[in-house]
Amino acid sequence: MTLPQRMWLDLDPVSETAWRRLLTQSGLHPDLQVDYTVGVFEGGRLVATGSLLGNIIKEVAVSPQSQGGNLLSSVVQALLDRLAEQGLTHSFVYTKPETAGFFRSLGFRQVAGTDKAVLLEQGYPNIQDYLRSLDERRLPGSDAAAIVMKADPPTLGHAYLIERAAHANDALYVFVLSSRDTLLPAQERMRLVSRMCRDRPGVSVLPTGDYLVSAATFPSYFLKDKARGEVAREQARLDATIFRDLIAPALSISHRYVGQEPYSAVTALYNEELGRVLQGSPELVVLPRLAVGGVPVSASQARQALADGNRDKLQSLVCPGLADEIWRCARPGQDGKEADDAKNA
């Protein structure tokens, strides 16, 4: 049997075309959001393929004419070997329900699933480790709520959402996205949100890890306008299912708070699917966006202010005391440059 070999999709248009064709024949949507791809060729024809995005196995397919052999196993093993070479001990696979059994036979365990998609994982730390870490941060109180936010950077809008949810509930868990696909690093965003909440004893700030709005559960979120509608919708359902079936019970969460979304179609779609999946348990609470000067506040406005070097605009969008920290984190070295410019003016 021919062994899997690396494919360079960004450098070889012919290989990319063959890859797209095979995925389409297998009922998958070709997604170039990958950083490593292998393929098996027979007689110059691509008959099996699989890809990685970080520690996520995706785009795994075998030609309908070549199924029944060990091609699928060899492709997946090649991807697992690649992860092992990189020292990664934890991996995910996002697949269709009809192929989930195959991955279970390789030692993967299901995290959650819908009628169209299943998320499985292998290795450690896994979902049970994550749930145990949440239990260690459990707050007292009978009414618990949750907010999930990217906070890139945290704005007055985030602070308003936290204030409203904290006022209405005994305990509030604020989950900050652990994604690295952000302007501010996850550790900084966690620290800044913790600063916003430091005078609220009933609020706990937690990382989402790989299990809420992550590259594993909802990769379309990070594509924004490039995301495919139906693909994003199915991923949103899966992410919401993880929250409903695993995260909420672990912390006795009865309410999930979100802000109305006037800007991002993908986030608006996520909120819509969240309501459909939760169906009141936990209850979804949608709050109007905080507005400044009649314009809803958004983190994208704050990022634009940072890109433009508009410190006054940034200060109008974020909590007092955080603007300087956000500025230093997002624009390292700029303070000294501005001081020199002012000195030489």
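The values are calculated or read from the model by the stated rules, or taken from the named source; none is laboratory data. Remember, predicted model here, so these are calculated numbers, not experimental data. Virtual Cβ from ideal backbone geometry, glycine too; neighbours counted across all protein chains shown.
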When segment 117-150 is checked residue by residue, the ones that are part of a loop (DSSP other than H, G, I, E, B), among the polar types (S, T, N, Q) and out of contact with any Lys or Arg (no Cβ under 8 Å at 6 or more places or on another chain) are S142
Selection from segment 8-26 of residues of a type in the set (A, V, I, L, M), under 15 Å from V62 (Cα atoms) and touching a Leu at 6+ places or on another chain (Cβ under 8 Å) yields A18, L22
Note on C319: of the conditions (1) in contact with a helix residue (DSSP H, G or I) (Cβ under 8 Å, 6 or more places away or on another chain); (2) closer than 27 Å to A240 by Cβ, unmet is (2)
Filtering segment 139-169 down to residues that are at pLDDT below 95 and touching a strand residue (DSSP E or B) at 6+ places or on another chain (Cβ under 8 Å) yields P140, G141, D143
Checked segment 91-115 for anything free of Cβ contacts under 8 Å to residues at least 12 places away in the same chain and within 19 Å of the chain's Cα centre (by Cα); matches are Q110
With the first residue restricted to segment 129-143 and required to be closer than 20 Å to S254 by Cβ, and the second required to be of a type in the set (A, V, I, L, M) and loosely packed, with under 14 Cβ neighbours inside 10 Å, Cβ contacts under 6 Å at 6 or more apart or on different chains are none
Exception for E85 within (1) under 21 Å from the mean Cα position of the chain (by Cα); (2) on the phi < 0 side of the Ramachandran plot falls at (1)
Over segment 144-194, the set of residues among the aromatic types (F, W, Y) and surrounded by fewer than 20 Cβ atoms within 10 Å (Cβ to Cβ) is Y160
S281 vs (1) polar (S, T, N, Q); (2) modelled with pLDDT of 95 or more; (3) not assigned by TED's automatic domain parsing to the domain that holds A144: all pass except (3)
Taking segment 314-341 and the residues there that are small (G, A, S), assigned to a helix (DSSP H, G or I) and at pLDDT 85 or above, the one that is surrounded by the fewest Cβ atoms within 10 Å (Cβ to Cβ) would be S316
Of the candidates L246, L238, L287, L278, the one satisfying the condition of being within 24 Å of Y160 (Cβ to Cβ) and surrounded by 16 or more Cβ atoms within 10 Å (Cβ to Cβ) is L278
Among the residues of segment 94-116, the number that are assigned to a loop (DSSP other than H, G, I, E, B) and surrounded by 19 or more Cβ atoms within 10 Å (Cβ to Cβ) is 1
* Please verify whether segment 76-93 includes one or more residues that are among the hydroxyl-bearing types (S, T, Y) and surrounded by fewer than 13 Cβ atoms within 10 Å (Cβ to Cβ). => yes
Within segment 176-187, is there a residue that is in the same structural domain as L314 (by TED's automatic domain parsing), assigned to a helix (DSSP H, G or I) and either in contact with a strand residue (DSSP E or B) (Cβ under 8 Å, 6 or more places away or on another chain) or over 22 Å from R331 (Cβ atoms) (or both)?
-> yes
Within segment 47-73, the residues that are more than 22 Å from A216 (Cβ to Cβ) and buried (at least 19 other Cβ atoms within 10 Å of the Cβ) are V47, A48, V62, L71
Note: among A186, A165, just one is of a type in the set (G, A, S), within 24 Å of A236 (Cα to Cα) and in contact (Cβ under 8 Å) with a residue 40 or more places away in the chain, namely A165
Any residue that is surrounded by fewer than 17 Cβ atoms within 10 Å (Cβ to Cβ) and farther than 25 Å from V231 by Cβ - is there at least one of those in segment 20-34? no
Counted residues in segment 210-225 being over 9 Å from the mean Cα position of the chain (by Cα) and under 22 Å from N55 (Cβ atoms) come to 1
* Asked: Would segment 270-278 turn up any residue that is touching a residue at least 12 places away in the same chain (Cβ under 8 Å) and within 14 Å of the chain's Cα centre (by Cα)?
  -> yes
